Each structure stands twice: as structure tokens, then as C-alpha cells.
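The values are calculated or read from the model by the stated rules, or taken from the named source; none is laboratory data. Note that the structure is a prediction, hence the values are computed from the model and not measured. Ideal geometry is used to build each Cβ from the backbone, glycine not excepted, and the neighbour counts take in all protein chains shown. Side chains are part of the model used for accessible areas, which takes the heavy atoms of the whole protein and leaves out ligands, DNA and RNA. Shrake-Rupley method; radii C 1.70, N 1.55, O 1.52, S 1.80 Å.
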Amino acid sequence: MKKFLLFTLLTSLSSLSFGQKSYQPTWSSLDARPVPGWFEDAKFGIFVHWGVYSVPAYSPTVRDSVGIYDRYAEHYWRRLYDGGKTQHFFEEFHKQNYAPGTTYQDLARDFKAELFKPDEWATLFERSGAKYVVLTAKHHEGYTLWPSKYAWNWNVMDVGPHRDLLGGLTKAVRAKNLKMGYYYSLLEWFNPLYKKETLNDYIDQHMFPQMKELVSTYNPDVLWTDGEWDYSSEQLRSPEFLAWLYNDSSVKESVAINDRWGKETRGKHGGYYTTEYDLVYEGNADSVQFNHPWEECRGMAGSFGYNRAEILDDYSTSKELVHILINKVGRGGNLLLNIGPTADGRVPVIMQQRLNDMGAWLNVNGQSIYGTRAWSKAPKVDAKTTTFFTTKGADLYVITTVWQEKLILSGVSASSKVSLLGFNGLIRAVKKGNTLTITAPSLSPTTMPCQYAWVYKVTGGGN
């Protein structure tokens, strides 16, 4: 009997070990790993760009007739010296505001974060309705927001605030039951090893050990890489790192990753796909229908890092931001909306206000966003679309960004009840064949359930 029980136990353990997926360092193997379900359910995240670039907090804007990628204040250091078409903006600004001989590295002493209160940030994020946060652990400048031993004298503990900003925010965010992720730049503009001849040294001595340090110390829910465009994923040895992440790391079962792992990987390899201000590099993706989990990232204005040169007209309104969220979710994606804190650790008030407004809308209409998927029968979305659709289980959500007296919907196969989220009254709806006509209720400003967009729930209509 004992031998039989021992044999049964060993057989069970053997079956369990064989049942666990082991990933090889090849894209065919790595791409077979599903994107974690929590990511597709979350829908709305907050991006945080914060670093030494938050000290000058400057870049030209759309009013200077520069392109989208030229408006990024977080690129200050490179633009100051790169000889490009926007260099003169940065040179003039630097000359006017800093003493002769002041280097970018000198600015780190003014990145003090003396007003940083991580609990207040986390409360703001929770109130916004976001379900995950992605912080720039290390941007292209190489400065780390945690005390990395692979960034000697170029991290928050050695120079600047002298505190673990990443660790403090991580603790506060997770206390609110939000997911916490980290942006990590694969490139470093001025690291002497970051060049073709010594790229393997850069990877072995710096990039791999630093990424593993970040993962093993802080256990990210998202690892959001960037700066992949100089080399292929083979040259960057990204499959090798991901095999470790998926097989041996502390977050192997739960971590979500993006698609920025080599100059050929966006929209092809990795985890979820990404767009940036509706672009994939230079290609416009604002009406693309993805058949894969994806995420749009963008700032509230033209820059990710805080840009003091931006004015009110540069910022998207709360209404526009809610509509962007609806657009992305209706097309099966997520929105990662950026804030750029100040060097002293404050979230600019205009960004707080925008997040509060989005949270107020989601407080009424969140069931049409969280945990939903795109409706397979939805018409193709374009710039003129004002009605969007999501589904959850058997239910269909009809999200209209323009108040309409009547909505006529095709392809609705079944329906037992129509309701307007946030409104307790009855909604008149008539179904003939596969066409459903919804008549909007008569509402006043005091009975209108929300601003910006309205959601009808069609119970059983999502089949």
C-alpha cells in the first residue's frame, strides 16, 4: 500500500512538472505565452515619466512647428547635443537658464523630490479609475529611480533626492490594490559600452544584471521596455532575457510585457502590442483593428516628461481624454495615460484635474470598460465614429460620445432589457429582427448621470 501511494505521488509530481510550460529563447516559443488576463481586464493605466529631465522640464511644443517625437522633454540631454533640427531650441534654453559649463549631470542635484508624497499620488491614481501604474525606473539617460548598484553615482540614492522613489511609490500603489509596473530603457545614450563593438559587454555587465535586479527586488506586474530601435532583438539578446523572466523569475506567472524588444518586434513579438500617440514608429495606427491585446500610450499634452513650455491649449480636455479611452477600449485595447511630475515631486494640478474627471466618468460607467472585450460585430472605427461597443459575458455596452435622441443599432441578436448607466428610469427600446432602436430619456442637467459620454447596457445583446 505504501509503495502504491509513493508511486501515485511521484506520478502526480511528474505530471505537474511536465504540465508547467517551459519557454525557450526563441520568439516562436515566447510568443506562445498568453498576455496575463488581468492586463486585458484593467483597460486604464497611468504612465509616470519622472527623472533628471524633470529639472529643466523643457521642450519645444506644437506651437514651434515640431513633430510629435520632437516635443518630448524627457529627451532634453540628447537634444542638447545631437546636432538635430531641434538642437537650437535646447541650446538657447540651456544658455539662458544655466551658468556656463553646466552639464546635464549637474542638474541631478536639483532633482530633489522634496514634496513627493507617494500616498497622495496613489490616492490620485485610485480616484482616477486606473488599475495599473507604470513608472520610468530608468529612461534613456540611464539615471535610475531606485538605488541600482549598476548605476553608480547616477541613481536616486547617490545623487538627487537620496531616497528610493520607486520603492516608495510601489508600496503606496500596491496598498491601493493597483498593479505596479516599470518602464526600462534598453538603450543609454551616453553609456560608453552602448555601441555595436561592445554591445555584448553592455548587455552582460550592465543591462541584464540591472534588469534582473529590478525584477527580483520589486516584482513588477508590468515590464515596459523601450529604446529598442537601434538593434535587433537578436543583437539585444531579448529572447534570452525573456526566457529567464518567464521560466525563473519571481514574476514568471503574472508579469505582462510589451512588444519593444528589438527594432523589428513592435506589433510582432513580445507580449501586448503598443502604439504611441496613435503611431507605431512613423505609421498611423489610429483606426487599426488589432486582433491581439494592445495598449496606447500618450501624454495629456505633447510631452511625457513635464514640460513647462506647454500651455492650456496644448492639453487635451477631460472630454477628449475620456473619448480617447473609449476609442481604445472599444477597439479592444488599453489606455496608458501619462503624467509628468515636477522635479520637487508634485503632480501638476491640471493633470490631477484631468485624472479626477476621468475617475468621475468611470465611477458611473466603469462596468462598460473594465473586464470588457471588443464587440465582434462592431463597425470599423474611424475619425467620425461617435458610437462604440464593448461586451462582457452576454451583455453589450453601447457607448455614445454624442447625446442622441435615437440610436439605431444593427447586429443585436438578442435583448431582454436596455438601461442607461447611472440612470434609474426606464429606457424605451424596440427590437425588429437584428435592429435595436433605443430612445434616449428626457433628462435635465440635474438628472444627467455623467458628462462627456453615455452608456446603454443591452442585457443579453452581446451574443
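Which one of these is crowded, with 18+ Cβ neighbours inside 10 Å, assigned to a loop (DSSP other than H, G, I, E, B) and either among the hydrophobic types (A, V, I, L, M, F, W, C) or at pLDDT 95 or above (or both): ALA383, ALA378, ALA429? Break it down stepwise before answering.
On the way: ALA383 fails: crowded, with 18+ Cβ neighbours inside 10 Å; ALA429 fails: assigned to a loop (DSSP other than H, G, I, E, B).
Sole residue among the options that is crowded, with 18+ Cβ neighbours inside 10 Å, assigned to a loop (DSSP other than H, G, I, E, B) and either among the hydrophobic types (A, V, I, L, M, F, W, C) or at pLDDT 95 or above (or both): ALA378.
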Where a residue in the range 31-55 is closer than 30 Å to ARG308 by Cα and its partner, wherever it lies, is open to solvent by 10 Å² or more (accessible area, probe 1.4 Å) and not in a loop (DSSP other than H, G, I, E, B), with Cβ under 6 Å and at least six apart: VAL55/ASP110
Among the residues of the range 269-291, write down those that are touching a residue at least 60 places away in the same chain (Cβ under 8 Å) and in a loop (DSSP other than H, G, I, E, B). HIS269, GLY270, GLY271, TYR272, TYR277, ASP286, SER287, GLN289
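With respect to VAL55, is the statement that it is at negative phi, modelled with pLDDT of 95 or more, touching a helix residue (DSSP H, G or I) at 6+ places or on another chain (Cβ under 6 Å) and open to solvent by 20 Å² or more (accessible area, probe 1.4 Å) true? Spell out how you get there, then give the answer.
Values: at negative phi: yes; modelled with pLDDT of 95 or more: yes; touching a helix residue (DSSP H, G or I) at 6+ places or on another chain (Cβ under 6 Å): yes; open to solvent by 20 Å² or more (accessible area, probe 1.4 Å): yes.
Criteria met by VAL55.
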In the range 432-461, how many residues are more than 17 Å from THR390 (Cα to Cα), open to solvent by less than 40 Å² (accessible area, probe 1.4 Å) and assigned to a strand (DSSP E or B)? 2
What about THR102, is it out of contact with any Leu (no Cβ under 7 Å at 6 or more places or on another chain) and either within 27 Å of MET207 (Cβ to Cβ) or open to solvent by 10 Å² or more (accessible area, probe 1.4 Å) (or both)? yes
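Give me a count of the residues in the range 206-241 that are of a type in the set (Phe, Trp, Tyr), closer than 18 Å to TYR194 by Cα and open to solvent by 10 Å² or more (accessible area, probe 1.4 Å).
Step one: filter the range 206-241 for residues of a type in the set (Phe, Trp, Tyr), giving 208, 218, 224, 229, 231, 241.
Applying the additional criterion that residues be closer than 18 Å to TYR194 by Cα yields 208, 229, 231, 241.
From what is left, the residues that are open to solvent by 10 Å² or more (accessible area, probe 1.4 Å) are 208, 229, 231.
Selection size over the range 206-241: 3.
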If you check every pair at least six apart or on different chains, which have Cβ atoms under 9 Å apart with a residue in the range 431-445 that is on the phi < 0 side of the Ramachandran plot first and a residue that is part of a loop (DSSP other than H, G, I, E, B) and open to solvent by 90 Å² or more (accessible area, probe 1.4 Å) second? THR439/GLU405; ALA440/GLU405; PRO441/LEU426
For the range 331-352, check the following and say yes or no: at least one residue is surrounded by fewer than 17 Cβ atoms within 10 Å (Cβ to Cβ), closer than 26 Å to THR390 by Cβ and free of Cβ contacts under 8 Å to residues at least 40 places away in the same chain. no
What about PHE44, is it in contact with a Leu (Cβ under 7 Å, 6 or more places away or on another chain) and hydrophobic (A, V, I, L, M, F, W, C)? yes
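Being open to solvent by less than 20 Å² (accessible area, probe 1.4 Å), within 18 Å of THR225 (Cα to Cα) and either in contact with a helix residue (DSSP H, G or I) (Cβ under 7 Å, 6 or more places away or on another chain) or at pLDDT 95 or above (or both): is that true of LEU187 here?
Numbers: open to solvent by less than 20 Å² (accessible area, probe 1.4 Å): yes; within 18 Å of THR225 (Cα to Cα): yes; either in contact with a helix residue (DSSP H, G or I) (Cβ under 7 Å, 6 or more places away or on another chain) or at pLDDT 95 or above (or both): yes.
So LEU187 fits the description; yes.
Does THR61 meet the test of being modelled with pLDDT of 95 or more, within 24 Å of GLY302 (Cα to Cα), touching a Phe, Trp or Tyr at 6+ places or on another chain (Cβ under 6 Å) and among the polar types (S, T, N, Q)?
Working: modelled with pLDDT of 95 or more: yes; within 24 Å of GLY302 (Cα to Cα): yes; touching a Phe, Trp or Tyr at 6+ places or on another chain (Cβ under 6 Å): no; among the polar types (S, T, N, Q): yes.
The answer is no for THR61.
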